[in-house]
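Only one structure is covered here, and it is reproduced in the block below.
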Amino acid sequence: MNALSIEALESWLPVPLAFPEGPWPDVEEWAAQIGDVLPDDGGRASFAAALRELQAVAPPLPGAQARLLWLGDLARPHVAHVYVSAGASEVDDLVALADAGLGLLVQTVSRTEVEGYDRSVLAVLIGDEQDPVVCGRFLGDQAGMMVVVDLLTHDPGVLALALDDLRDLFAAVRLVSTPS
């Protein structure tokens with residue numbers, strides 16, 4: 001059996017999928033602590049409220065193993081999700097899975113070398129006029145399992161700014177064997 005491990009990164013904070021989690025007994029404690037990263041200019045309360053709402057939102061796909069908050073743009077919270085499933089055997093399989101489950105249009109898919117992965121690709125997906133969403137999605141094969149890390153946003157500029165940090169998050173994901 002594989003367990004998920006994500007190395008500590010300065011650009012990302014964990015968003016618990018359920019509580020209690022780590023040092024946080026509930027969403028109120030978590031949102032208050034994370035909200036404290038903002039300067040005290042009157043925005044902390046509204047940011048903490050946005051965090052509480054964000055934590056309650058279901059991931060775009062079922063089965064997310066982790067959810068992380070991007071600290072690169074604190075004006076609005078942005079969240080990435082990490083998924084792990086049975087692996088793909090070829091890069092072409094990763095390309096075929098680039099849009100799996102999202103219902104978005106694939107804009108680009110490119111092979112990328114990321115430490116810790118046998119094969120990996122970066123896909124950029126877009127919605128349509130009715131749903132103007134963009135998604136950056138890294139997919140890779142690690143230890144016979146497929147890891148997907150994606151970030152959805154309605155702001156293409158945010159995706160452009162977050163892409164390097166999203167790659168770092170993808171590189172920080174490690175699957176470790178645990179006793180059954």
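The values are calculated or read from the model by the stated rules, or taken from the named source; none is laboratory data. Keep in mind it's a predicted model, so treat the numbers as computed, not measured. Here the Cβ positions follow ideal geometry from the backbone for every residue, glycine too, while neighbour counts run over all protein chains shown. Ligands, DNA and RNA are stripped out before the accessible areas are found, and what is left, the full protein with its side chains, is counted by its heavy atoms. Shrake-Rupley method; radii C 1.70, N 1.55, O 1.52, S 1.80 Å.
Numbers for the structure displayed
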item	result
Cα→Cβ-extended label distance, 7 Å offset, between Arg111 and Ala18, nm	4.0 nm
Segment 46-140, accessible surface, carbon-and-sulfur percent (1.4 angstrom probe)	51 percent
Principal semi-axes in Å for segment 131-178 [√(5λ), Cα gyration tensor, largest first]	25, 11, 7
Net charge, Ala100 excluded, C-beta distance under 11 Å - Lys, Arg +1, Asp, Glu -1	-2
Computed lengthening from Ser89 to Met145, 0.36 nm per intervening residue step minus Cα-Cα distance	19.2 nm
Charge-dipole axis of segment 125-164 as Lys and Arg at +1 and Asp and Glu at -1 on Cβ define it, positive-most pick from Val147, Pro132, Ala160	Val147
The chain - mean residue ellipticity at 222 nm from DSSP helices (-39,500 (n - 2.57) per run, n ≥ 4, rounded to 500)	-7500 deg cm²/dmol
Residues of the chain: accessible area per residue with a 1.4 Å probe, Å²	51 Å²
Ser5-Ala50 pseudo-label distance in nm [points 7 Å out on the Cα-to-Cβ vector]	3.4 nm
Cα-centred dipole magnitude for the chain, charges only on beta-carbon of K, R (+1) and D, E (-1), debye, nearest 20	240 debye
Space enclosed by the convex hull of the alpha-carbon atoms of the chain, per residue, Å³	124 Å³
Charge sum, other residues only, whose C-beta stays under 11 Å from Ala48's C-beta, Lys/Arg counted +1 and Asp/Glu -1	-2
